Amino acid sequence: MAGVTFPVIICPLIFMTLATTGKITVLEHIPMYFVPMIWGIWNMVLVGVGKKCIIKDVKTKYLVHGGTLGLILALLGLYVFNIDIALFGISMPQAYWILIIAPIVYGLTWRYVVLPLNNLVGLKK
């Protein structure tokens, strides 16, 4: 539940904003609906293998774990689903910035949002 809280609150707001501004019809990009579920599964993976991880510092572990998820989702979105290009109408050279920005944003979000939420519900790292 802790890892899913943030995207479950934010994703509908993003979809609603994009749909009302006419940028997309919400049903065009169904893979984006899976983001909260992926966050929850990724959080379970972190909690499950967290003690066996090479990185011992909890804050750094969450930062790296979130950054890895951001890179994976950016690669999938950019190359498999063409989500970034279709949503924002940007050209391919500009879309490569997403491969840099997404891991940074995801890493910081996992460090400063998911870690406190996991601590709040008492999850062991």
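Any read-out appearing in this document is the output of simple, stated calculations on the displayed coordinates, not a laboratory observation. These numbers were taken from a predicted model, which means no experiment stands behind them. Cβ placement follows ideal geometry from the backbone for every residue including glycine, while neighbour counts extend to all protein chains displayed.
Among 49-58, 97-106, what's the highest-first ranking by average C-beta atoms within 10 angstrom per residue?
Peptide ranking by packing, descending: 97-106, 49-58.
With θ set to phi - 60°, apply the Karplus curve 6.51 cos²θ - 1.76 cosθ + 1.60 along the stretch 68-74 and write out the HN-Hα couplings as whole Hz, x wherever there is a Gly or Pro.
5, 4, x, 5, 4, 5, 5
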